[in-house]
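Worksheet: the structure to be examined is printed underneath.
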Amino acid sequence: MLNDTNFPFLQPVYRQLLDAIDMGIHVINKDGVSVIYNQKMSEIEDMDKDDVLKKNIMDIFLFNSEDESRLLQALNKGADLKNAKQSYFNFKGQEITTINDTFPLYDGENIIGAVEVAKDITKLEQLTRENSREKKDARFTFDQIIGNSQSLKSVIDNAKHATKTSSSVLVYGETGTGKELFTQSIHNGSERVSRPFISQNCAALPDSLIEGILFGSVKGAFTGATGHIGLFEQADGGTLMLDEINSLSASLQAKLLRAIQEKTIRRIGDTKDRSIDVRIIATINEDPLVSIEKNHLRQDLYYRLSVVSILVPPLRQRKEDIPVLIEHFIDKYNQRFQLRVPGMSEEVLHLFLEHDWPGNVRELEHMVEGAMNLIHFDEEIDYSHLPMHMRTKFHSLEKPSPEPEKENTSKSHTAITGTLQENMDRVEKDLLERTLRHHRGNVTKAAKDLGLSRQSLQYRLKKFLLVAREV
């Protein structure tokens, strides 16, 4: 380790002391070759001593030039840097961030080497960046909506058109599909981007409170009331997002309709109207027509809100987005948990593609997060990392389906049985079989004919236990 002519004085006892110090120490000789590399520096940079010692520093770290290395600046230019932050990459491509004291070593007036004493702040730096990202991500843009499926791209395109006006927007879709991503993206893509964006979950509070929160009140309007402005006034010039609007009472929905139509509000207990300039984006977690039938949503409010209607598709209808979503969530929790999970096993990915995800993207994210709470530093997510209830559910998915009955020639005249999904699956399977036969088992041509990617078609073939045999 220390067989260098410039450092003959260093004995084994000093090597032990260097390794016991809780600071990284790296010394290079006059040729830029590493001659001292203590245990702490090895831990900081996640590199074995054998990978560093007796090697030129430019062969070890990913510097574009010698000017990027503090050690080489000290060696070649006599630079003396104290308490300086440095970020760099080791030969494995891992980013390291340290606070360093770097200075040249002299023999008389001649520089014979350079030393760097480092304190590791890599985790602190990553946590700081993560917090910064989270604050930024509180205001989503279209670029942050993950997925490549045609159905999702179509929704994004429609939502982008909505940024050009100030018309009311109704975003609907199942819980966990990402409706708020679209509401915030519409605001951030509009001319109102520099104005307030305020959101309120209408199901979170009773009507008696939500009315005052939305419209404000004047002092003395009710016992203990103090005058305050409501969310409509706070969002003036910007956007007000009302989540789960179908949870409001019919009377409060009527008052909301009046505010949208007349562009005025009246605080509780007040006698005068106040003009407002607010764009309303509302969300509901069910089909609005079903909500109207259940008397959860006033029909006239629906017509007023749905000038632009955006349906966010459930994850089961865009399963080709699952791999890219998994990759995104693994990257996210690698950063948050200080892990290096490379990905997911083929077995688990197949199970994920088979699952219908009733909780949609939110359920998928929680599944990945849960698995990464049980994982070691750098192993991939496999079956053993899934929660027990999901392992049981996935196990049932792996059981082969019973052999389908032979089609009756008079099928078109018989009564339809089974659920909607079962009938749709039968139609889809029949279409896949016929298209494959037409193209003599050529998956690429069949996928093109069906308007699918080759990967998406292969997934569907696996789903229905079909085998493509090219003839």
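Details
- For the residue pairs Lys319/Lys448; Lys164/Lys294; Lys30/Lys54; Lys219/Lys272; Lys164/Lys272; Lys85/Lys332, the alpha carbons lie more than 23 Å apart in Lys164/Lys294; Lys164/Lys272; Lys85/Lys332.
- Using the Cβ-Cβ distance between Asp51 and Asp101 with R0 set to 30 Å, the FRET efficiency from 1/(1 + (r/R0)^6) comes to roughly 0.80.
- A cut-off of 5 Å between modelled amide H atoms, ignoring neighbours fewer than 5 places along the same chain, links Gly113 with Leu105.
- Farthest toward positive dipole pole in segment 12-120 [+1 Lys/Arg, -1 Asp/Glu at C-beta], among Val52, Val13, Gly24: Val13
- One chain, two ends: Lys153 and Asn334. Fully extended at 0.36 nm per residue, the span grows by 62.4 nm beyond their Cα-Cα distance.
- Our coupling estimate for segment 302-313, obtained by passing each phi through the Karplus curve with A = 6.51, B = -1.76, C = 1.60 and θ = phi - 60°, is 4, 4, 6, 7, 8, 3, 10, 10, 10, 9, 8, x Hz, Gly and Pro reported as x.
- Cα-based shape type of segment 139-313, given that a ≥ b ≥ c are square roots of the gyration tensor eigenvalues and the cut on a/c is 1.5: prolate
- Contour excess over end-to-end distance, with Cα ends at Ala250 and Asp59 and 0.36 nm allotted per residue: 61.6 nm
- Here segment 310-387 and segment 33-62 have alpha carbon centers that stand 36 Å from each other.
- Additional length obtainable on full extension of the chain from Glu68 to Ser208, 0.36 nm per residue less Cα span: 44.1 nm
- Applying the Karplus relation 6.51 cos²θ - 1.76 cosθ + 1.60 with θ = phi - 60° to segment 439-444 yields 3J(HN,Hα) values of 9, 6, x, 7, 5, 4 Hz, where x marks Gly and Pro.
- With contacts taken as Cα pairs under 8 Å and at least 6 residues apart, segment 318-397 reaches a relative contact order of 36 percent.
- The ranking of Val312, Val341, Val324 by Cβ neighbour count inside 10 Å, starting from the fewest, reads Val324, Val341, Val312.
Only the coordinates and a few stated rules stand behind these numbers; no lab work does. No experiment lies behind these values; they were computed from the predicted model shown. Because the Cβ atoms are built from the backbone with ideal geometry, glycine has one as well, and the counts that use them run over all protein chains shown.
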